[in-house]
Amino acid sequence: MTAIERLIEELERSHAEAQERMADPEVFSDRQAGAAAGRRLKELEAPYRLSQAWREAAADVEAASADAELAELLPDAERRLAELEEELKLALVERDPSDSKDVIVEIRQGVGGDEAALWAGDILRMLTRCAERRGFKTEVLGSSPNEAGGYKEVTFAVKGDGAYSVFKWEGGTHRVQRVPATESQGRIHTSTATVAVMPEAEEVEVEIDPGELKIDVYRSTGPGGQSVNTTDSAVRITHLPTGLVVSMQDEKSQLQNKQKALRVLRARLLELERRRRDEELSATRRAQIGGGERSEKIRTYNFAESRVTDHRIKVTVHRLDAVLEGDLDELTEALAAEERRRALEAPAVA
């Protein structure tokens with residue numbers, strides 16, 4: 001038996017087991033177990049269909065090899081078989097277990113003063129439009145607007161199956177080159193905004209000991225320090241073991257601000273654990289396309305040339321307007337394809 005045949009047998013066995021779990025009344029009645037079984041079956045569907053197509057193509061090759069009248073069909077059949085084998089290997093590359101999760105996204109103004117804050121607002125609009133295009137739901141968790149109409153910082157959630165698989169590529173520094181509206185000499189300025197993307201953690205994944213939290217409450221303030229609330233509704237949570245600090249003030253209710261802050265804190269703690277694990281796996285590190293760190297310059301948006309360049313994969317597209325309207329598909333697909341290619345190569349260099 002060849003290696004690909006063993007791979008397909010294992011895939012077919014896993015697919016059958018996933019179907020059995022979905023049909024198990026005990027699994028079906030357990031919301032969490034049922035959701036996990038459903039995700040597993042969905043993950044296996046595309047590779048399973050490819051495996052069945054491969055079996056049909058292999059049968060065609062065998063028939064063309066054994067029958068002189070079909071010999072002229074052999075080259076096409078062999079080519080199709082090779083293509084399916086490659087597609088199947090790519091489909092079976094181990095997925096990031098977080099790919100199906102919802103995400104929490106934090107955007108902060110970087111270098112460039114008010115122009116950087118305006119750019120942070122443009123990035124917010126781009127990413128929320130991207131979410132809308134894919135049928136995801138967005139929810140602003142907290143924001144710190146600046147007086148020029150942009151954002152010092154804004155945090156929002158994206159909900160939808162596979163949200164992390166799309167938005168994980170946006171983590172890092174986004175650099176813009178354009179003439180600001182306030183620039184009278186027509187000079188191009190360079191500004192930045194930084195983005196952090198974290199899979200949203202469920203409570204069962206990240207347990208937080210209340211005794212390890214320092215919770216401060218204070219009055220919410222708007223841009224320029226004006227009061228937006230006359231009660232102590234804003235919340236600042238400090239996770240003492242890690243020193244992580246999350247502040248929320250957008251809601252009028254202290255309880256709602258606390259709940260939102262805890263969601264962000266769980267996501268940050270989960271991301272810390274993910275990074276720790278990745279650092280222990282050299283092959284995983286080699287397979288990564290950038291680390292998603294805020295300091296890593298991932299993309300440049302040049303308005304004069306209507307150009308967007310992704311520095312991680314050296315891809316440039318000349319449709320800036322469409323990208324800023326949330327059409328990130330070309331970049332996302334190129335990044336995902338490169339990730340799969342690197343993951344296939346990683347065992348050879350481990």
Give the number of residues within region 130-147 that are over 15 Å from the mean Cα position of the chain (by Cα) and among the hydroxyl-bearing types (Ser, Thr, Tyr).
2
I need the full set of residues from region 135-157 which are under 19 Å from Glu333 (Cα atoms) and either touching a Gly at 6+ places or on another chain (Cβ under 6 Å) or surrounded by 18 or more Cβ atoms within 10 Å (Cβ to Cβ) (or both), in order please.
Phe136
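Restricting the search to region 47-91, which residues are in contact (Cβ under 8 Å) with a residue 24 or more places away in the chain and of a type in the set (Asp, Glu)?
The answer is Glu85, Glu87.
Tally time: how many residues in region 235-272 are on the phi > 0 side of the Ramachandran plot and modelled with pLDDT under 90? Break it down into steps so the answer makes sense when it comes.
Start the filter on region 235-272 by keeping residues that are on the phi > 0 side of the Ramachandran plot, which leaves 243.
Imposing the further condition that a residue be modelled with pLDDT under 90 reduces the set to none.
Here the count works out to 0.
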Selection count where residues are under 19 Å from Pro97 (Cβ atoms) and touching a helix residue (DSSP H, G or I) at 6+ places or on another chain (Cβ under 7 Å), scope region 142-159:
1
Filter region 323-350 down to residues that are touching a Leu at 6+ places or on another chain (Cβ under 9 Å) and at pLDDT 95 or above and give me whichever is surrounded by the fewest Cβ atoms within 10 Å (Cβ to Cβ).
Gly326
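Taking Arg108 as the residue in question, decide whether it is basic (Lys, Arg), at negative phi and assigned to a strand (DSSP E or B). Don't jump to the end; show me each part of the working.
Values: basic (Lys, Arg): yes; at negative phi: yes; assigned to a strand (DSSP E or B): yes.
Yes.
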Check whether at least one residue in region 23-46 is farther than 30 Å from Val246 by Cα, assigned to a helix (DSSP H, G or I) and in contact with a Leu (Cβ under 6 Å, 6 or more places away or on another chain), and report yes or no.
no
Mind checking which residues of region 167-201 are farther than 20 Å from Arg108 by Cα and touching a Lys or Arg at 6+ places or on another chain (Cβ under 8 Å)?
Val179, Ile188, Ala201
Select from region 180-227 the residues that are among the charged types (D, E, K, R), surrounded by 10 or more Cβ atoms within 10 Å (Cβ to Cβ) and at pLDDT below 90 and list them in ascending order.
Glu183, Glu200, Glu202, Glu203, Glu205, Arg219
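The values are calculated or read from the model by the stated rules, or taken from the named source; none is laboratory data. Just so it is clear, the model here is predicted, and its values are computed rather than measured. Virtual Cβ from ideal backbone geometry, glycine too; neighbours counted across all protein chains shown.
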